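Novice: Structure in structure tokens, see below.
Just so it is clear, none of the values below were taken in a lab; they were calculated from the coordinates. Please read these numbers as outputs of a predicted model, since none were measured by experiment. Because the Cβ atoms are built from the backbone with ideal geometry, glycine has one as well, and the counts that use them run over all protein chains shown.
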Amino acid sequence: MRFFPLASCTGVQAYRELMSLNDDLPNWIPVTCTLPTDQQPARLTEFDELFRDRVIEVDRAGPTSLRLTLDGGDEVTARVQDLTARETQCCSFFTFEVSPAARGLRLHVQVPPEQVAVLDAFAARAERLAT
């Protein structure tokens, strides 16, 4: 039998790590996320739209590192910087770096070793939604 931690101050088991908002795609929202639960689907949708609309290459640089190449210029850079800044407010373990690439821009995502499962799901979602 698998036991799940209790959600903060609720007495309710936190099993979100096994749930997905879309049965076909992995959910990368970690249990430790401090974004209010009712706002998480909208944030996931923002990343899904970015993956679907702009990602042209997904490169798993290592267990704790991911590089996404995105199509676009300054407007996309601003969108990515805004989204990743908001994401680090609720999931502070993420490190995001945006830099120019030969084709558009590159988003480098890093996590600590204890968050590899989150990065695995994040990368799988990006790969499945990428154009």
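Novice: Mind sorting 35, 107, 50 by how few other Cβ atoms lie within 10 Å of their own Cβ, fewest first? Before the final figure, lay out each step's value.
Specialist: Details: 35 16, 107 25, 50 22.
Exposure proxy ranking, most exposed first: 35, 50, 107.
Novice: A further question on this structure: Which net charge results when you count Lys and Arg as +1 and Asp and Glu as -1 among the other residues whose beta-carbon is under 11 Å from that of residue 39? Let's see the in-between values first.
Specialist: On the way: positive: 43, 86; negative: 38, 46.
Here the count lands on 0.
Novice: Same structure again: Which residues' amide hydrogens lie under 5 Å from the amide hydrogen of residue 104, considering only partners 5 or more residues apart or on another chain, with H built in the peptide plane?
Specialist: 72
Novice: Provide 94, 122 in ascending order of the number of other Cβ atoms located within 10 Å of each residue's Cβ, fewest first. Write down the numbers at each step before the final one.
Specialist: On the way: 94 18, 122 24.
Ranking 94, 122 by Cβ neighbours within 10 Å, fewest first, gives 94, 122.
Novice: Over the stretch 16-129, calculate the relative contact order: mean separation of alpha carbon pairs under 8 Å at least 6 apart, over the residue count, as a percent. Walk me through the intermediate numbers first.
Specialist: Numbers: 160 pairs, mean separation 36.2, N = 114.
Computed value for the stretch 16-129: 32 percent relative contact order.
Novice: Based on the inverse mean of 1/r over its pairs of different Cα atoms, what is the Kirkwood hydrodynamic radius of the stretch 26-87, in Å? Show your work: numbers first, answer last.
Specialist: Values: mean 1/r = 0.0771 Å⁻¹.
Mean inverse Cα-Cα distance, inverted, gives 13.0 Å.
Novice: For 65, 99, what ranking results if the residue with the fewest other Cβ atoms within 10 Å of its Cβ goes first? Kindly include the intermediate steps, with their values, before the conclusion.
Specialist: Working: 65 16, 99 10.
Final ranking by Cβ density, sparse to dense: 99, 65.
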